[in-house]
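The values are calculated or read from the model by the stated rules, or taken from the named source; none is laboratory data. The structure presented is a predicted model; accordingly, all values stated were derived computationally and were not measured. Positions of Cβ are generated from backbone atoms using ideal geometry, with glycine treated the same way; all protein chains shown enter the neighbour counts.
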Amino acid sequence: MVFFRGMGQLRPHNAAESEASKVKAVESNINVRFRNLEDTIACLALKCQAMWELLKEHSKLSDQQLIEMIGQVDLRDGVQDSKITRSAQICSECGRTVGARHRQCIYCGCPMEGFEVFET
Ligand SMILES: [Zn+2]
């Protein structure tokens, strides 16, 4: 009798430890992915800086012109928030609504319009 009571007491404890272990694994995975995103952003910033310096060196463009263009591009989606946000589109072929991230209609395969060169 004592043995079974003891086992019953262990089960919730082990389940809690198991759950805590799963949470730690998820947290660790999120931390790794976050660091990878930080590295990717730093790499993209470096490449943008290098491209801008090359362009400036070989043209008559100025930092001020770049800043103005960034503002214009930022406002294309109607919101000045330092990012380009796409909204869902209506497929010109089948008329269905397609999510913003899809380059092709998920229903009929028609290419969606309006993607910029750097959009993924
Ligand atoms: Zn379609």
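Pick out the one residue from A42, A100, A50 that is of a type in the set (A, V, I, L, M, F, W, C), modelled with pLDDT of 95 or more and under 22 Å from the mean Cα position of the chain (by Cα).
A42
For the stretch 68-95, how many residues are within 12 Å of the ligand (Cβ to nearest atom), touching a residue at least 12 places away in the same chain (Cβ under 8 Å) and not hydrophobic (A, V, I, L, M, F, W, C)?
Qualifying residue count for the region: 3.
Can you confirm whether Q65 is closer than 26 Å to I41 by Cα, assigned to a helix (DSSP H, G or I) and either of a type in the set (D, E, K, R) or away from the ligand (no atom under 15 Å from the Cβ) (or both)?
Details: closer than 26 Å to I41 by Cα: yes; assigned to a helix (DSSP H, G or I): yes; either of a type in the set (D, E, K, R) or away from the ligand (no atom under 15 Å from the Cβ) (or both): yes.
The answer is yes for Q65.
Collect the residues in the stretch 68-84 that are surrounded by 11 or more Cβ atoms within 10 Å (Cβ to Cβ) and not in a helix (DSSP H, G or I), keeping them in residue-number order.
V79, I84
Taking only pairs six or more apart or across chains, which ones have beta-carbon atoms under 8 Å, a first residue in the stretch 99-116 that is at positive phi, and a second residue that is of a type outside the set (S, T, Y) and away from the ligand (no atom under 12 Å from the Cβ)?
The qualifying pairs are G114/R86.
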